[in-house]
Amino acid sequence: GAGVSQSPSNKVTEKGKDVELRCDPISGHTALYWYRQSLGQGLEFLIYFQGNSAPDKSGLPSDRFSAERTGGSVSTLTIQRTQQEDSAVYLCASSPSRDRGVLEQYFGPGTRLTVT
Amino acid sequence: AQTVTQSQPEMSVQEAETVTLSCTYDTSESNYYLFWYKQPPSRQMILVIRQEAYKQQNATENRFSVNFQKAAKSFSLKISDSQLGDTAMYFCAFMTHSGAGSYQLTFGKGTKLSVIP
């Protein structure tokens, strides 16, 4: 079946502009994660959605970052007033449920964001 | 806070040989999970192997196996009979249940593995 998809694959934007990154999880997966991978670094947790529960936003680095998940499926990560330090690969992952999410996170191919 | 340390930024191995990637972690939790992920140039993170901390037996998946030393907080990955397709970044990751209710993965900075023909 189809895996996690993300769009766009690459995004170049000017400093100060807003950007939206999209994630389509695997159909039926209730848990969705966003991670950020800066150059030469491991992945950094940003935000977690589980069903209709309030999201865990503890990893968002600043109030310029926000995310929503509509209808329990597609998620959008929005970065306002982008800065050069926001340049990174943004990865999305989904899992079947909160419990099995412990063992099964399926990652998308990521969006490479470059802020000039 | 949990931390994951991978002390080898880069490694290389001859095709068909065996290589071991190191990982140490720090946590006060007693129940947690450990993972090795592979990230080829395509950027897709792929789960290689996982280990539940309460299991004493080391996990194995075909050519991949781990050496889990809970007391030492060490979790190394051994790749046997290395293949060219094993060339990738390898990330060690730790997971536990956060106070906010989610299961978060904490990653190390990765080891770049090159398999040489």
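The values are calculated or read from the model by the stated rules, or taken from the named source; none is laboratory data. Everything quoted here is computed from the prediction, not taken from an experiment. Counting neighbours? That spans all protein chains shown, and the Cβs are built from the backbone with ideal geometry, glycine included.
Just a few scattered comments:
- Some residue of the range B:98-114 being on the phi > 0 side of the Ramachandran plot and among the charged types (D, E, K, R): no
- Residue list for the range A:28-55, filter: among the hydroxyl-bearing types (Ser, Thr, Tyr) and either closer than 29 Å to B:Ala88 by Cβ or more than 11 Å from chain B (Cβ to nearest Cβ) (or both): A:Thr30, A:Tyr33, A:Tyr35, A:Ser38, A:Tyr48
- Enumeration of residues in the range B:43-53 that are facing another protein chain (nearest Cβ under 8 Å) and among the polar types (S, T, N, Q): B:Gln44
- Residues in the range A:27-43 that are surrounded by fewer than 19 Cβ atoms within 10 Å (Cβ to Cβ), in contact (Cβ under 8 Å) with a residue 12 or more places away in the chain and of a type outside the set (S, T, N, Q): A:Gly28, A:Leu39.
- Search result, residues across the range A:86-116 that are modelled with pLDDT under 95, in a helix (DSSP H, G or I) and not aliphatic (A, V, I, L, M): A:Arg100, A:Gly101
- The range B:51-66: number of residues that are touching a residue at least 12 places away in the same chain (Cβ under 8 Å) and within 15 Å of B:Trp36 (Cα to Cα): 8
- Test: residue in the range B:25-42 that is small (Gly, Ala, Ser) and away from every other protein chain (no Cβ under 11 Å): yes
- Yes/no for A:Ser58 being free of Cβ contacts under 8 Å to residues at least 40 places away in the same chain, more than 12 Å from the chain's Cα centre (by Cα) and either closer than 15 Å to A:Ser7 by Cβ or at the interface with chain B (Cβ under 8 Å from one of its Cβ atoms) (or both): yes
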